[in-house]
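Working notes, structure below.
The values are calculated or read from the model by the stated rules, or taken from the named source; none is laboratory data. Please read these numbers as outputs of a predicted model, since none were measured by experiment. Neighbour counts run over all protein chains shown; Cβ positions are idealised from the backbone, glycine included.
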Amino acid sequence: MTLCDTQGVAHARTTEEDMETEDKDSKGRDGQTASGDTKPHAGGDADRLAVFSQYRGLLFSVAYRMLGSVADAEDMVQETFIRWQEAAKEEIRSPRAFLVTVITRLSINQLQSARVRREEYVGEWLPEPLVTGPESDPLGALKVDESLSMAFLLLLERLTPMERAVFLLREVFEYEYAEIAGVLGQSEANCRQILRRARQHVGDMRRRFDASAREHDDLLKRFIQATRAGEIQGLVELLSSEVVLHTDGGGKAVALASEVRGAEKVAGTIIERMRTTLPKNLVARMARINGKPGLVSYLNGKPFSALTVDFRDGLAQVIYVVTNPEKLAHLPDLPSAPM
C-alpha cells in the first residue's frame, strides 16, 4: 500500500486545513504567509505554472535528498506538477503545503520500490552526483548545504522511508512538528518518536568535515596531483589511516566490487587502477559536486566519472567515485575551457 495512491490529494488538502489557522495568524501586510505562500489560491494555468515554478527548487531539494537520484527526483517533480495541475482550486489552501505533501509522499513510495531494486544492484550503491555550481543548477533555487553531501546522503540510507522523511523535513528544512504531521498523515507524537529513532540511527555517526571551501579545493588538487604522479607514498601521506574508498559502477562501468579501507590499500588500489584500467585519454575538470569541490572526468567529451573527497584535519577521510553511466547521464558534457 502506498501513501499517495491510497490517500492522495485529499490528504494534501487536509494538511493545508490543519495549517490554515497558523498561516492566517502569520500573514503580513503583503499577504505572504509563514509558509512562504504568496498566492494561496491558484487560478488559471499561467498562475498555476508561476506558483509551481516558485517552489520547484524546494520540491527537487526534498525529492533528491529522499531518493539520492537526480532522475528519480526530476520524475517526482514532474508527477507533482501533474497532480498540481489536476487538483481542484478548492483543494489548494496553501500551495507550499500541498506541493510538499505530494512530493514527500511520492518520494516515500518511490523509495520503497527503489530499495527492492537496490538489493539486486551490482557492487556498491552511491547517490547520483549532482553538479551544484551557479551555472549548473537547472532549477535555480536548490538548497545547497552539508545535507546535500555524499556523506550525509549515505547516512540517510540507514533510515526507513518514513524516518528519512521526518528527519529531512525537521532537521534540514526546519518544519514544525505540526507541519510534518500533516504532510505525512501522522500525529505529532508519532513524528517526534520517529525523529528520535532516526537520530539514534544517524546521530552518533554523523561525520563533520572541517575543511573550508578554499582548503578543500587545495587539498583536492594535491590529491589529484598525487594520483597522477603515480607515487603510492606521496598519496598515502594525504590519506587518513582509516580512509575509505567507495566506487559505484552499477555493473556497467569500471568499479570495485566493495569498499576499500586503509591508507596503504586505498593508495595502492588507486594507483594500480590509474595504470592498468582507466583510459589514457581522459580529460578532467574541477566542478562543485553535491556542494563540494570535486572532479569530473570525460571520455570523448562525455562524463566518464565523478569524484568527491571528504577531508578532515588536512587528510582524505572518504573518497567517492561514481562511474555508472546512468548516474552520469545528467551531467553536462566537457566544458570548452579548462576550469
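Among the residues that make up the range 285-296, is at least one of them surrounded by fewer than 18 Cβ atoms within 10 Å (Cβ to Cβ) and modelled with pLDDT of 95 or more?
no
Report yes if some residue within the range 237-258 is exposed (fewer than 13 other Cβ atoms within 10 Å of the Cβ) and assigned to a strand (DSSP E or B); otherwise report no.
Yes.
Do you know which residues across the range 303-339 are of a type in the set (Asp, Glu), in contact (Cβ under 8 Å) with a residue 40 or more places away in the chain and either in a loop (DSSP other than H, G, I, E, B) or touching a helix residue (DSSP H, G or I) at 6+ places or on another chain (Cβ under 6 Å) (or both)?
Matches in the range 303-339: Asp310, Asp313.
Mind listing whichever residues of the range 261-284 are polar (S, T, N, Q) and modelled with pLDDT of 95 or more?
Hit for the range 261-284 is Thr269, nothing else.
Test each condition in (1) touching a Gly at 6+ places or on another chain (Cβ under 9 Å); (2) in contact (Cβ under 8 Å) with a residue 40 or more places away in the chain; (3) part of a helix (DSSP H, G or I); (4) surrounded by fewer than 19 Cβ atoms within 10 Å (Cβ to Cβ) for Asp217 and report the one that comes out false.
(1)
Look through Glu179, Glu171 and report the one residue that is in contact (Cβ under 8 Å) with a residue 24 or more places away in the chain, under 27 Å from Val131 (Cα atoms) and outside the structural domain of Ala306 (by TED's automatic domain parsing).
The unique qualifying residue is Glu171.
Kindly indicate whether any position in the range 70-85 is closer than 26 Å to Val254 by Cα, surrounded by fewer than 21 Cβ atoms within 10 Å (Cβ to Cβ) and acidic (Asp, Glu).
For the range 70-85, residues closer than 26 Å to Val254 by Cα, surrounded by fewer than 21 Cβ atoms within 10 Å (Cβ to Cβ) and acidic (Asp, Glu): present.
Of the conditions (1) within 27 Å of the chain's Cα centre (by Cα); (2) modelled with pLDDT of 95 or more; (3) exposed (fewer than 15 other Cβ atoms within 10 Å of the Cβ); (4) among the hydroxyl-bearing types (Ser, Thr, Tyr), Ser212 satisfies every one except a single condition; which number is it?
Condition (2) is where Ser212 drops out.
Can you pull out the residues in the range 88-113 that are crowded, with 21+ Cβ neighbours inside 10 Å, over 23 Å from Gly68 (Cα atoms) and free of Cβ contacts under 8 Å to residues at least 60 places away in the same chain?
Passing the criteria: only Pro95.
Are any of the residues in the range 324-339 touching a Leu at 6+ places or on another chain (Cβ under 7 Å), under 22 Å from Glu124 (Cα atoms) and crowded, with 18+ Cβ neighbours inside 10 Å?
no
Just for the range 259-273: of the residues that are surrounded by fewer than 16 Cβ atoms within 10 Å (Cβ to Cβ) and out of contact with any strand residue (DSSP E or B) (no Cβ under 7 Å at 6 or more places or on another chain), which one is farthest from Thr323 (Cα to Cα)?
Only one residue fits best here, namely Glu264.
So which of Leu282, Leu299 is touching a Ser or Thr at 6+ places or on another chain (Cβ under 7 Å) and not assigned by TED's automatic domain parsing to the domain that holds Gly68?
From the options Leu282, Leu299, the qualifying one is Leu282.
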